[in-house]
Amino acid sequence: MADKAETPVAAEGTAAPAGEGGRKTDTLVELYDPDTHIYNALGVMLLLPRRVVFIVPEHASAVYRKYKDAYRRLWESRGCVPEKVEFVETHTSDMMELAAVLEAFAGDDAVLDIEGGTPELYLAAGYVYSRAPGGFSCIRLDFADRKLTSYSKTGDGSETVVRMFTDEETARVSLSVDECIRIYGGVVERSTVTELLARGMTMEEISRDTALVWSAMVRRSRRTWNDLVPDRLHMKGEHSLDIYVNGNEAKIRAVSNLVADLVSSGALKPRGGDPSRRWYRCRSHAVAACLKSAGALLELYMNSVACNVSSDGRAVSGVSLSFDGEEGSSDNEIDCIFMLGAIPVFISCKNGRVGSEELYKFAAVTTQFGGNEKIAVLVAPSLDGRDETIPPSRIKSVRERAELYGIRIITDIYDISARAAAAELSRLVTKKDKISGGGIKPDKKT
C-alpha cells in the first residue's frame, strides 16, 4: 500500500503569482523521476498549480527528500510556490494498488503529468485515465522542444492536442546556469568568465580580446599551440599582464611565429628586453588568461560562440562545480556551460588528443549536473583526421565512444568563422537524435 505524507512547503494562502490568470491548475500530479530534476521542478513553474503531488517510488524517495528543498527555492525565486506540496511514497509494483493511489487525486481540475515515473506507474495511469473519464487530464511536457501534449477523454471519445509553449511560458521556465546546477545539488564555485568580469572587463571586451588571440593562433600555430603555451611564453606572475620569452626559445621558429602573430593581431605589445629575455605586455586579462593555460583559449572562444546560441545570451567557461556542499574538484570541472531554455548544454574543449577516459568523465559529470535531459558537446580539432600522428582507428574509436555516451562532436573549428561555428553549434544542440556530429564546411571568415 501507499504511505501518504503531506509536506507543506508554503503556508496556506500563499499569494498566487502575478500575471494573466494567476493559478492555472488546481492539482498537478507528478510521476517523480530521480534522474531528471529539471522536469520534476518545472511542471510547477509551467502550470502554476494550487497543489502539486509527487508520486514517488520507494527506491527514489531518498532522492526526492534530498532535492525537494532545491525545487522549493527555485519556485520561491519565481513566485510560484504551490499552496500545498504532497509527497506520496509507493511501496508496491501492483498496478491496481498504484491506480488506487493515483485515483485518490483525480478531480475536475486535476492534471497528471506522465513524463517520468516507472513502467508500473504508466500502466496504472493508463488504467485510471480509461476508467474515470474526466477525472484526469493527462499531459506530457517536453521542455527540450518547448511543447505540451494533452490527452483528454470523455465518454467513448478521446482527444490529443499538441501545442508549443507560449512566449510567456517559455520565459517562465527558462533557467540560468546557476539555477540549473543548483537543482542538481551543485554550486558554481568559480569560472574564468566571472573572474575576468570581476577584473573590470565586459563580455564584449572578453570576446574581442579572445578573438585577437584566436586569430593569431589559427594563422600558424594550431597544432603546436599546446607545446608553446604556457611552456614557451612565460607569465611574470599570477595576476601580471607581462610575459617574456627566453632568448634561446625565441630562436625556435614556432615560438617566434606565434609571438609575431600575437603582436600583429594586437594581443601583445613589445616591451623591450635583452638577448636573454624579451618582454611583452598582454592587451588585457583575457589575453593573459589565454596564455596561462593551453586549453583556456579554446574554452573562452567557445564561450563567445555559445553566447550567440544560448537562450539568454550568456555562457560560462572554465567552470569549477561543487556538489552537496563539498569543495570543487578537478572531477567537477566543465569547460563551458550554457542554457537552451530549461536544457543545459555542456561543452568539453580538447585542443589536443582525446582519450576514452576523458569522454567517460565528461559523460559522468554532465549527467550529475544536468540529468538525462542535458546536451553534451565535444569540441575537438584533433578528430578532423588531419593530424597524421593520430591513426584513423583511434579517431574512429573515440567517435564510437562519444556516440555511446550521447556526446555530439564539432571538429573543424579552426577553419570557420565564429559566425559559422555558432551556426554549427546551434544545429548540433537542436538536432533530435543523440548521435555525435561530424565536420563542417569552411566559410569565409568574418
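The values are calculated or read from the model by the stated rules, or taken from the named source; none is laboratory data. Keep in mind that what you see is a predicted model, and the values were worked out from it rather than measured. Cβ coordinates were reconstructed from backbone atoms using ideal geometry, including for glycine residues, and neighbour counts include every protein chain displayed. These accessible areas exclude ligands, DNA and RNA; they are computed on the full protein's heavy atoms, side chains included. Shrake-Rupley method; radii C 1.70, N 1.55, O 1.52, S 1.80 Å.
What the table shows:
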quantity	calculated
First in the range 417-431 and hydroxyl-bearing (Ser, Thr, Tyr), second anywhere and buried (at least 20 other Cβ atoms within 10 Å of the Cβ), Cβ under 8 Å, 6 or more apart	Ser426/Val309; Thr430/Leu340
Residue list for the range 183-194, filter: assigned to a helix (DSSP H, G or I), open to solvent by less than 50 Å² (accessible area, probe 1.4 Å) and polar (S, T, N, Q)	Thr192
Test: residue in the range 214-229 that is of a type in the set (Phe, Trp, Tyr), outside any helix (DSSP H, G or I) and either under 25 Å from Lys374 (Cβ atoms) or out of contact with any Phe, Trp or Tyr (no Cβ under 9 Å at 6 or more places or on another chain) (or both)	no
Qualifying residue in the range 269-278 (condition: small (Gly, Ala, Ser), farther than 29 Å from Phe338 by Cβ, touching a helix residue (DSSP H, G or I) at 6+ places or on another chain (Cβ under 6 Å) and without any contact (Cβ under 8 Å) to a residue 60 or more places away in the chain)	yes
Residues (out of contact with any Asp or Glu (no Cβ under 7 Å at 6 or more places or on another chain), open to solvent by less than 20 Å² (accessible area, probe 1.4 Å) and in a strand (DSSP E or B)) located in the range 112-148	Leu112, Cys138, Leu148
Residue, nearest to His239 (Cα to Cα), within the range 159-172, restricted to residues that are surrounded by fewer than 18 Cβ atoms within 10 Å (Cβ to Cβ) and hydrophobic (A, V, I, L, M, F, W, C)	Ala171
Hey, Glu76 open to solvent by 40 Å² or more (accessible area, probe 1.4 Å) and touching a helix residue (DSSP H, G or I) at 6+ places or on another chain (Cβ under 9 Å) or not	no
Residues (surrounded by 18 or more Cβ atoms within 10 Å (Cβ to Cβ) and modelled with pLDDT of 95 or more) located in the range 242-261	Ile243, Tyr244, Val245, Val255, Leu258, Val259, Asp261
Residue that is least open to solvent (accessible area, probe 1.4 Å), among those in the range 386-421 that are closer than 25 Å to Leu297 by Cβ and among the basic types (Lys, Arg)	Arg408
Single unsatisfied condition, Ser382 versus (1) open to solvent by 30 Å² or more (accessible area, probe 1.4 Å); (2) of a type in the set (Ser, Thr, Tyr); (3) closer than 27 Å to Val218 by Cβ; (4) in contact (Cβ under 8 Å) with a residue 24 or more places away in the chain	(1)
Residue within the range 316-335 that is assigned to a loop (DSSP other than H, G, I, E, B), in contact (Cβ under 8 Å) with a residue 12 or more places away in the chain and open to solvent by less than 40 Å² (accessible area, probe 1.4 Å) present	yes
Looking only at the range 99-111, and only at residues there that are among the charged types (D, E, K, R) and at pLDDT below 85, the one that is surrounded by the fewest Cβ atoms within 10 Å (Cβ to Cβ)	Asp108
Boolean, Thr202 is surrounded by fewer than 15 Cβ atoms within 10 Å (Cβ to Cβ) and under 19 Å from Ser310 (Cα atoms)	yes
Residue among Leu197, Leu175, Leu212 that is hydrophobic (A, V, I, L, M, F, W, C), out of contact with any Lys or Arg (no Cβ under 6 Å at 6 or more places or on another chain) and open to solvent by 50 Å² or more (accessible area, probe 1.4 Å)	Leu197
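Results for (1) farther than 14 Å from Phe105 by Cβ; (2) part of a loop (DSSP other than H, G, I, E, B); (3) open to solvent by less than 40 Å² (accessible area, probe 1.4 Å), shown as yes or no for each residue.
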position	(1), (2), (3)
Asp26	no, no, no
Ala41	yes, no, yes
Val44	yes, no, yes
Val53	no, no, yes
Val56	no, no, yes
Ala62	yes, no, no
Arg65	yes, no, no
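Let's see how each residue does on (1) small (Gly, Ala, Ser); (2) within 26 Å of the chain's Cα centre (by Cα):
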residue	(1), (2)
Val263	no, no
Pro270	no, no
Tyr280	no, no
Met302	no, yes
Asn308	no, yes
Ser317	yes, yes
Ile337	no, yes
